[in-house]
Structures are given as structure tokens and as C-alpha cells.
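First comes the structure, then the notes that go with it.
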Ligand SMILES: O=P(O)(O)OC[C@H]1O[C@H](O)[C@H](O)[C@@H](O)[C@@H]1O
């Protein structure tokens, strides 16, 4: 069965939202709060270890009920069921989208269980030293060679859960930039390093080129027969991995129903499993599974990903906000935004609808941000006094992991202060001059989580995965393909051939031609 394909702008709810927007666009949240003492109770959701407050948004009860009506009109519930039942909702690639099956502990597919067991025994052998390097030394370093979805998730999680890590160091070689590869290899000893070549397709130019560099580097000291102690692959393309020289036993399979940017829960998470131990990896999956159940079963008006997705549509399509910021008040989460950028922008950066027609409304929002409090001293000026409306998610934790309460109180004081300042501005306050005036009325969501644990992180990441699904269903686009990255890859073949042959005559654009000629000249 295909996904419903309803143009959202033609629904009754959309038309009602357009009219409603006229009433609400000039309303000030400062006034709304002063008249409504229960607002924070009504527009908040308590769930497991999460407290999600979305009351500081430019909404009222009617907005939410119209947004929920929109979700119903575009048949969001049916779409959610179709996804979880494994229907081929990635229609342009004829694939199911089942990253949720990787963490479905109530009903786990045998092949998922088998791969998890394989990951468990491999990671345990590395951690306890039973799997040693070619000279008998214990493994000390794990290098993930992969890009995009085969890099961003594992790196983000390894950084986010640094507190829970064992003695193994992890490294990530993603960029084709040879300088980066050399810098990373400088710090490594081939006798004690495992390379995990992660590529769903096993054909990505950057990954295969980098894998060859590290293999050549390894073979300066080790033999071909030692490769099996140091090289493993994660891929759906087992043939490609074998041809590269990886033994069948060292291949961790992947299924084609796992999209690259949603694959950290699969064997793509092998580096995470090694660095954190299987128990923590499983806890991460279980946290995501909890969020999956919430998303599937909770009424939409208390459903965090649904509410977040709808609010995003509200700002994107009615307030015409172009971007959203995510600011996590935890240094551990410093890789969260690059991860979310791929998740959201690769999924929803589409301009053709599910009927194949060109879209005439805005889709995929730009996601950006960093960690607090650093961000406050950098770009927050624009959030507070710029001309653009930028809804912002604030993510913070009640407990710090190292128990340094003094710093944590200051950190969290800033966390709360920023949403308060963005909301209130200098409303009704006397200011010396217009330069010091803050309009306020800037929207934010606050996600307050008890503690940064593997479970809670799993839930947080799954929340955003489901949010982008909700957006995609409303915008009537296919969120799970990424045809937009193909053209650049093909053109890169032409430009590489021009560089290698020193001949730019096949390059179509004169500006590009001149640039390559200059590049070649500079190198002589
Ligand atoms: O895992 P791979 O097959 O090597 O793919 C790596 C990445 O490259 C592609 O171009 C896609 O844009 C990403 O979605 C994917 O995660």
C-alpha cells in the first residue's frame, strides 16, 4: 500500500490555519502568559525521564487543535502504521523503512538478533583482549572509516556517551581530505588498531579511497594474512567487502531497509558497541524503542514527536521561518547538530511531492546550532535581536555526570535564562535606547531530561527521527530517499578526470573550467 499523498495546502485544516495565522501573528506571548497561569501545564508533556515544555511558542489551544486536524487530514496515523508494519514507504527506491525494527525488543527479527549477537561477541573479545592484533598485542584503537550516515551517528553517540566509555579510543576517518587521513594515522599503531570499513553500499568514493589508504598503511608492517585480525566491514554489499580483502567472517551485514542516516542502531554502530560495551549499546537501543512506542501509541496531543513536527510546520509554512536551531546544554552533545543536519536536511530537502509534482510550498527547514553556553557568546545575538524568526530547541539535563554542581548550576541557569529572555525580551520595561530593546516573543521548546544516559540519548535521537517523519508526511514528500546527492557525485567524476588528465575541455561551465585550470597551474 502506498503512503497517502495529500497536498497539505488543499486541506480544510490548512485553510483554517491560514486564517488563524492572521489572528495570531501579532499576538505577544508575554501577554498570553500573563493572562493564562496554566499555560505551561497545558503545553507540556511529561514522559519517562523527559519533561518537554512547548508553552513558549506562538500558539494557543486553537493552533494545536488545527495542527492536529491537519495531521488527521493527511492521514498521519495510517502513515505511522505503514512505516512500523514495514510497508515499502520509501517508494522511489522500493524499500521499507525499518530502522525501528533494529530496536524492537518485543518482536525482534531473527536476523537482527543474530547481528546483535555477533556485535556483542566481537566487541567483548576486543575489549577483554581475546581478539589481539597480529603481534599478539591488545587492541587499543578503533577506526571507523565511513562517511555520511556511516560516520555521523557513530561519532555523535561515541562523543555523547564519552562518560560511559572503556579504554578503547575511537577515531573517525570520513573526509577524503588526505591530510586528515595522514593526521589520524600518525597517532596509530597498526599492531593495536582495528579498522571498521562502514559503507552500506561499499561503493562510496571517499570511503573506498580512504579504506585503500589505511590498508596500504597497514601492509607496510603487517601481511595480507594479518588483515583479518585488523579489518572488518559493515555493509549490505558483502561481495564488495570480500573483494576489498575482508574475510566473510569479518563482515557485519546490514539490511537495505535501514537508511544510512538512520543506521547507527544497526551494525553501523559497531564502533559504539566497542567503545561503550554491548550493555550500553543495548541500553541506547532500548531508549529508542521506548520513544518508538510513545510515537506509535500515544494520542497525538501528548505525542512529543508529533507535536514537534507540527510546530515545525507551523513556523516553516505560516510564519515562513527558514531555519530552526538546536542548542544542547551539554558539551558531550557537540556532534548532535551535524548528525541532525543530515537526518533532517537529507530527508526533507525535497521539492517534488509524493505524486511526482513540483511543490509550491516550503518543505525541509534548515537545521543548525551548537552547544550552550558557548553559542550564547557567538550567534545568540541574532536570535535575540536579528530580523529572522528562529524557533529553537533547548536540550538540558537535570544532573551532571561528574557531579560538579557549581558549574552545572551556572550552565543550567543560562539554559533557563535564554528561553526566558527570548520569550520576554524587554517587554514592558524601560530601556535607554532602541539598541537595547529586545522584542522577545521568540519561540522555543525546552527538553529537560533527568540525566545523559544511553537510554535517554536513544529516546532523544528517536524523537528527532520521528519528528522528521511527521514533517515529511505533512509536506507530502518522500523522506527516505536522497536523489539530490547523486548529481554532485557524477559531476565529480568528470572534474576528477579533468584534473587527472590535465584537460578541462569536457567541462561544460567556463567558470569551473578556469578554476580547474588555475588549480592545475598552481600545482606546477
Ligand atoms: O554507507 P554508504 O553507502 O557509504 O553511504 C554513505 C552516505 O553517502 C551517500 O551519498 C548518502 O548521501 C548518505 O545518505 C550516505 O549515508
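Whenever a residue of the range 190-216 is touching a residue at least 60 places away in the same chain (Cβ under 8 Å) and closer than 21 Å to residue 494 by Cα, its partners that are within 15 Å of the ligand (Cβ to nearest atom) and in a strand (DSSP E or B), lying with C-beta atoms within less than 8 angstrom and at least six residues away or across chains, give the pairs 207/145; 207/197; 207/198; 210/145; 210/173. Would the range 403-410 turn up any residue that is touching a residue at least 40 places away in the same chain (Cβ under 8 Å) and buried (at least 16 other Cβ atoms within 10 Å of the Cβ)? Scanning the range 403-410 turns up no residue that is touching a residue at least 40 places away in the same chain (Cβ under 8 Å) and buried (at least 16 other Cβ atoms within 10 Å of the Cβ). For the range 226-242, the count of residues that are within 13 Å of the ligand (Cβ to nearest atom), under 22 Å from the mean Cα position of the chain (by Cα), surrounded by 15 or more Cβ atoms within 10 Å (Cβ to Cβ) and part of a helix (DSSP H, G or I) is zero. With a requirement of 3 or more residues that are in contact with a strand residue (DSSP E or B) (Cβ under 6 Å, 6 or more places away or on another chain), the helices (runs of 4 or more DSSP H) lying completely within the range 404-512 that satisfy it span 405-424. Residue check: residue 185 meets all listed conditions (1) part of a helix (DSSP H, G or I); (2) under 21 Å from the mean Cα position of the chain (by Cα) but one, namely (2). Residue check: residue 1 meets all listed conditions (1) at pLDDT 95 or above; (2) surrounded by fewer than 15 Cβ atoms within 10 Å (Cβ to Cβ); (3) touching a helix residue (DSSP H, G or I) at 6+ places or on another chain (Cβ under 9 Å) but one, namely (1). Answer with yes or no whether residue 175 is assigned by TED's automatic domain parsing to the domain that holds residue 256, over 30 Å from residue 456 (Cβ atoms), within 16 Å of the ligand (Cβ to nearest atom) and surrounded by fewer than 17 Cβ atoms within 10 Å (Cβ to Cβ). Answer is yes for this residue. Selection over the range 123-170 of residues that are without any contact (Cβ under 8 Å) to a residue 60 or more places away in the chain, in a loop (DSSP other than H, G, I, E, B) and more than 26 Å from residue 344 (Cα to Cα) gives a count of 8. Here residue 515 passes the criteria (1) part of a helix (DSSP H, G or I); (2) in contact (Cβ under 8 Å) with a residue 60 or more places away in the chain except the one numbered (2). Determine whether residue 350 is in a loop (DSSP other than H, G, I, E, B), modelled with pLDDT of 95 or more and in contact with a helix residue (DSSP H, G or I) (Cβ under 9 Å, 6 or more places away or on another chain). Judged against the criteria, residue 350 is a match.
Looking at 198, 214, which one is more than 23 Å from the chain's Cα centre (by Cα), within 16 Å of the ligand (Cβ to nearest atom) and under 21 Å from residue 150 (Cα atoms)?
On the way: 198 fails: more than 23 Å from the chain's Cα centre (by Cα).
After applying the criteria, what remains is 214.
Listed here are the residues, each with its yes/no results for (1) crowded, with 22+ Cβ neighbours inside 10 Å; (2) within 14 Å of the ligand (Cβ to nearest atom); (3) in a strand (DSSP E or B); (4) modelled with pLDDT of 95 or more.
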site	(1), (2), (3), (4)
270	yes, yes, no, yes
273	yes, no, no, yes
281	yes, no, no, yes
284	yes, no, no, yes
287	yes, no, no, yes
293	no, no, no, yes
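The values are calculated or read from the model by the stated rules, or taken from the named source; none is laboratory data. Everything numeric in this text was worked out from a predicted model, so none of it was measured. Glycine also receives a Cβ, built like all others from the backbone with ideal geometry; neighbour counts cover every protein chain displayed.
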